[in-house]
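S.K.: Take this structure first; my questions come after.
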Amino acid sequence: MITALYSDQLIAENAPMDRRLAALILSRGNRIGYIASAPEPQREFFDEKRQYYLNYGLSLDPFVDLDALAGDDQIGRLFSCSAIHLTGGHTGDFLRRLRQSGMLERLRAWALNDGIVVGTSAGAILMTPTIAADALFTGGSPEAVRDGAALDLVPFEFFPHLNDDPGYLPALLRYSETMANSIVACRAGEGLIVGNGLVEVFGAPLMISGGFVEAADRRRIVDMLSRA
């Protein structure tokens, strides 16, 4: 299994991570399945992302709307892809759609069977044990989240867009004192690729644990994974 967790994606600062991810996907094929976080009648986000991946020789297909799954053929096409992309959006709604469609466990099983999963923002948060930290984006409290269990593909929580609000870091520090998981927090243009022995860190993410913050460099990520 390989997971690629982006804070965001469609900016020039992500080019080094994009190139590395593209090389990993192209070693298996060139098709990426796209799971939308919400209905996209005009497919504007899909079309933007499709053009983005084309720049790296990758084909984004099929498009999957969890509210309108077209049966086993569509699901089969999705899971025959070289990688699957989970979009940004409203994390809680995305998780609800994955559960209601029966895709949460199917996607987890596919990933654990040596799949490549790419997540941006909400999609990256969904790869973790819980989406609790996402509550900060709407002024809520992570500690109050009771039904946030997600894909659990990595043994840490993920928080994107750290630079969007100066209040996020102190809130994450307080939250980290109440739970066992570490939190990897990324600013725009930062991210990481983890899995199959790979630990590659792009930019300067932070690792938050037990009320303390330090650099989420490769050595610390490797150490955290070894203890998971």
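The values are calculated or read from the model by the stated rules, or taken from the named source; none is laboratory data. Treat the numbers as computed from the prediction; the structure is a model and nothing was measured. All Cβ positions, glycine included, derive from the backbone under ideal geometry; neighbour counts span all protein chains shown. What goes into the accessible areas is simple: the full protein's heavy atoms, side chains included, and nothing from ligands, DNA or RNA. Shrake-Rupley method; radii C 1.70, N 1.55, O 1.52, S 1.80 Å.
S.K.: Net charge within 11 Å of Asp147 by Cβ-Cβ distance, Lys/Arg positive one each and Asp/Glu negative one each, not counting Asp147 itself?
M.R.: Summing Lys/Arg as +1 and Asp/Glu as -1 gives +3.
S.K.: Name the residue, out of Asp134, Asp147, Asp67, whose mean-square fluctuation peaks in a Gaussian network model built on the chain with Cα pairs under 10 Å.
M.R.: Asp147
S.K.: Determine the percent antiparallel among the DSSP beta bridges restricted to the chain, to the nearest 5.
M.R.: Restricted to the chain, the bridges split so that about 45 percent are antiparallel.
S.K.: Taking only C-alpha pairs under 8 Å that are 6+ residues apart, what is the relative contact order of the range 1-99 in percent?
M.R.: With pairs under 8 Å counted, the relative contact order is 36 percent.
S.K.: Pull up all non-local amide H partners of Leu60: gap of 5 or more, or a different chain, and H-to-H distance under 5 Å with H placed in the peptide plane.
M.R.: Residues meeting the criterion, in which the H sits 1.01 Å from N, are Ile32.
S.K.: Quick one: order Asp164, Asp223, Asp61 from most to least accessible surface, probe 1.4 Å.
M.R.: Ranked from most to least accessible, the order is Asp164, Asp223, Asp61.
S.K.: Using a 1.4 angstrom probe, figure out how much accessible area the chain has per residue, in square angstrom, rounded to the nearest whole.
M.R.: Per residue, the chain has 43 Å² of solvent-accessible surface.
S.K.: Something else about it: In whole Hz and in residue order, list the ³J(HN,Hα) couplings for the range 95-102 that follow from phi through the Karplus curve 6.51 cos²θ - 1.76 cosθ + 1.60, θ = phi - 60°; x for Gly and Pro.
M.R.: For the range 95-102, the Karplus curve yields 4, 4, 5, 4, 5, 5, 7, x Hz.
S.K.: Right, next: What is the sum of charges around Met127, taking Lys and Arg as +1, Asp and Glu as -1, for the other residues whose C-beta is under 11 Å from the C-beta of Met127?
M.R.: It works out to a net charge of -1.
S.K.: Turning to a different aspect of this structure: Search the structure for amide H atoms under 5 Å from the amide H of Thr128, placed 1.01 Å from N in the peptide plane, and list their residues when 5 or more places away or on another chain.
M.R.: Under 5 Å from the amide H of Thr128 lie the amide H atoms of Leu151, Asp152, Leu153, each far enough along the sequence or on another chain.
S.K.: I've got another one for you. Can you sort His161, His90, His85 by solvent-accessible area, 1.4 Å probe, largest first?
M.R.: Accessible-area ranking of His161, His90, His85, largest first: His90, His161, His85.
S.K.: Report relative contact order for the chain in percent, whole number only (criteria: Cα-Cα under 8 Å, sequence separation at least 6).
M.R.: For the chain, the relative contact order is 23 percent.
S.K.: Take the alpha carbon atoms of the range 137-152, find their center, do the same for the range 41-98, and report the distance between the two centers in whole angstrom.
M.R.: 24
S.K.: In the neighborhood of Asn30, defined by Cβ-to-Cβ distances under 13 Å, what is the net charge if each Lys or Arg adds +1 and each Asp or Glu adds -1?
M.R.: Counting the neighbours of Asn30, the net charge comes to +2.
S.K.: Now for a separate question. For Tyr56 and Asp93, what is the calculated FRET efficiency with R₀ set at 41 Å and r taken between the beta-carbons, to the nearest 0.05?
M.R.: The formula returns an efficiency of 0.90 here.
S.K.: Residue by residue through the range 71-84, what is 3J(HN,Hα) from phi via Karplus (6.51 cos²θ - 1.76 cosθ + 1.60, θ = phi - 60°)? Round to whole Hz and write x for glycine and proline.
M.R.: Calculated HN-Hα couplings, in order: x, 5, 5, 5, 5, x, 5, 4, 7, 8, 6, 6, 7, 10 Hz.
S.K.: For Arg19, Arg97, Arg187, give the ranking by accessible area with the largest first, probe 1.4 Å.
M.R.: Arg19, Arg187, Arg97
S.K.: Also, quick follow-up: Is the chain best put as rounded, prolate or oblate by its Cα gyration tensor, with a ≥ b ≥ c the root eigenvalues, rounded for a/c under 1.5, and otherwise prolate when a/b is larger than b/c, oblate when not?
M.R.: The shape class here is prolate.
S.K.: Sticking with this structure for a sec: From the backbone phi of the range 186-193, what are the Karplus-calculated ³J(HN,Hα) couplings (6.51 cos²θ - 1.76 cosθ + 1.60, θ = phi - 60°) in whole Hz, Gly and Pro given as x?
M.R.: Result, ordered by residue: 10, 8, 4, x, 10, x, 8, 10 Hz.
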